[in-house]
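Read the structure below first, then the notes.
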Amino acid sequence: MEALVKASAPGRLDFLNTHQDYKGLPVVSVAVDLRTTVTLRRGEEFEITSLNTGERCHFSKPLIEGRSFCDYVKAAVISVEREGVVLRGFSGELYSDIPIGAGMASSAAMLVALVGAMLRLAGRGADLYTVAELAYRAEREVLGVPCGRLDQYGSAFGKVAVIYPKPPVRVERLEMRGGVFVVLDSGIRHSTAEIHPKRQAELQEAVEILREALGVESEGYWDFPWEVLEARRGVVETLPQPLRDRVLFTLEMQKSTERALAYLRGADVDKALREVGREMLYQHHLLSRLYEVSLPKLDQLVEEAVAAGAYGAKLSGAGLGGVVIALAPNREVAERVGQLSSAERWWVVEIDEGLRYGD
């Protein structure tokens, strides 16, 4: 077992197929070059200090009390120990470049780095799937955050990651050559816990109607065979509003993502970036018009980004606030996009690798 371990994990952007993972459909993440780094040493109790805030977390038994920095550390310990790993204690530090509340999954990056460091300190070899899943369980099951697997898997695997969420979870990593992203913060705070349940209830109602009309077996929107609807668009058109729009959104977003991934897998780099940018704009249109999770401010940020030279832009995350991400051809254009935007704050980020150990 190593006496000292250092692990770091990147923030991530919700790139393509937003609002689709809870339907069992693939989502696409991009890891960025803002990271959280954890350094751990073996100890008798559990102690870790945030170098960003100076907050010190010290405990002998991990009892969850809320969703503070210390609770996230405890959740990581609980998740790892549930896997049968014995953690006798550690001391360490955590530092993060990832801004909180900026749509870059800072909490997921922290959990991925913590879980990776804990497993290595305990002498347990673990692949990226194990680290990502334990980080996901820490946030979803231990802390009770209503998240999908996008954040933790996107951070652990890095680069451009296509995450297929139906068990067994599968991840396809793609190389995206060229392109720089801009993250534009609307300054409007939002709550995933308020947005997801409403859309999920609408989808469940739609699925119950479609299940009977098509004679297919399904327990709900999670395992519904969405692909059968492509040849049965007429049935979708009979749904009442807003159910019809929610289902059309699901189908159109999936088709758009398949087109974007085909471009990314191709050999023409410049064409890929331009076409992916167009698909981002189309996906924002779908999120705004058919899923109704955009706001005038988010639409404005998208328009400003394109006017400043971005290939495309879309809201990232649950919507009704939060951030817009824009794809620019180079850093010079990306800086211009940020400077000319009406965003409350903004960052230029580039694609980065996932979980890594050492300096």
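The values are calculated or read from the model by the stated rules, or taken from the named source; none is laboratory data. If you're wondering where the values come from, they're calculated on a predicted model, not measured in any experiment. Here the Cβ positions follow ideal geometry from the backbone for every residue, glycine too, while neighbour counts run over all protein chains shown.
Worth a mention:
- Single residue of the range 24-39 satisfying the filter (in contact with a helix residue (DSSP H, G or I) (Cβ under 7 Å, 6 or more places away or on another chain) and of a type in the set (Gly, Ala, Ser)) that is farthest from ALA9 (Cα to Cα): SER29
- Filtered residues of the range 54-80 (kept if closer than 14 Å to SER96 by Cα and in a loop (DSSP other than H, G, I, E, B)): GLY54, GLU55
Per-residue answers, yes or no, for (1) without any contact (Cβ under 8 Å) to a residue 12 or more places away in the chain; (2) surrounded by fewer than 24 Cβ atoms within 10 Å (Cβ to Cβ); (3) out of contact with any strand residue (DSSP E or B) (no Cβ under 7 Å at 6 or more places or on another chain); (4) under 28 Å from HIS196 (Cα atoms):
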site: LEU301; (1), (2), (3), (4): no, no, no, yes
site: ALA305; (1), (2), (3), (4): no, no, no, yes
site: ALA308; (1), (2), (3), (4): no, yes, yes, no
site: ALA313; (1), (2), (3), (4): no, no, no, yes
site: SER316; (1), (2), (3), (4): no, no, no, yes
site: GLU335; (1), (2), (3), (4): no, yes, no, no
site: GLY354; (1), (2), (3), (4): no, no, no, yes
site: GLY358; (1), (2), (3), (4): no, yes, no, no
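- Selected residue (only one of VAL207, VAL235 is surrounded by 20 or more Cβ atoms within 10 Å (Cβ to Cβ), over 24 Å from the mean Cα position of the chain (by Cα) and part of a helix (DSSP H, G or I)): VAL207
- Some residue of the range 258-267 being at pLDDT 95 or above, buried (at least 22 other Cβ atoms within 10 Å of the Cβ) and in contact with a Gly (Cβ under 8 Å, 6 or more places away or on another chain): no
- Within the range 322-332, being touching a residue at least 40 places away in the same chain (Cβ under 8 Å) and surrounded by fewer than 20 Cβ atoms within 10 Å (Cβ to Cβ) holds for PRO329, ASN330, ARG331.
- Yes/no for LEU281 being in contact with a Leu (Cβ under 8 Å, 6 or more places away or on another chain) and either of a type in the set (Phe, Trp, Tyr) or in a helix (DSSP H, G or I) (or both): no
- Residue in the range 36-56 that is in contact with a Ser or Thr (Cβ under 8 Å, 6 or more places away or on another chain), free of Cβ contacts under 8 Å to residues at least 24 places away in the same chain, farther than 29 Å from LEU315 by Cβ and surrounded by fewer than 17 Cβ atoms within 10 Å (Cβ to Cβ) present: yes
- Hits in the range 17-32 (condition: among the polar types (S, T, N, Q) and surrounded by fewer than 24 Cβ atoms within 10 Å (Cβ to Cβ)): GLN20
- Any pair with Cβ under 9 angstrom, 6 or more apart, that starts in the range 76-94 at a residue that is within 21 Å of GLN152 (Cα to Cα) and ends at one that is among the polar types (S, T, N, Q) and surrounded by 23 or more Cβ atoms within 10 Å (Cβ to Cβ): LEU94/THR36
- Criterion: of a type in the set (Val, Ile, Thr), touching a helix residue (DSSP H, G or I) at 6+ places or on another chain (Cβ under 8 Å), modelled with pLDDT under 95 and not in a loop (DSSP other than H, G, I, E, B) - qualifying residue of VAL228, VAL247, VAL216, VAL276: VAL228
- Test: residue in the range 161-177 that is closer than 19 Å to SER8 by Cα, of a type in the set (Ser, Thr, Tyr) and at pLDDT 95 or above: no
- Total residues in the range 28-53, condition out of contact with any Gly (no Cβ under 7 Å at 6 or more places or on another chain), among the hydrophobic types (A, V, I, L, M, F, W, C) and assigned to a strand (DSSP E or B): 2
- Residue match in the range 222-232 (condition: free of Cβ contacts under 8 Å to residues at least 60 places away in the same chain and buried (at least 18 other Cβ atoms within 10 Å of the Cβ)): yes
- Check on TYR291, in a helix (DSSP H, G or I), touching a helix residue (DSSP H, G or I) at 6+ places or on another chain (Cβ under 7 Å) and not assigned by TED's automatic domain parsing to the domain that holds GLN20: no
- Hits in the range 294-324 - residues which are under 28 Å from PRO146 (Cβ atoms), touching a helix residue (DSSP H, G or I) at 6+ places or on another chain (Cβ under 8 Å) and not small (Gly, Ala, Ser): LEU298, ASP299, VAL302, LYS314, LEU315, LEU320, VAL324
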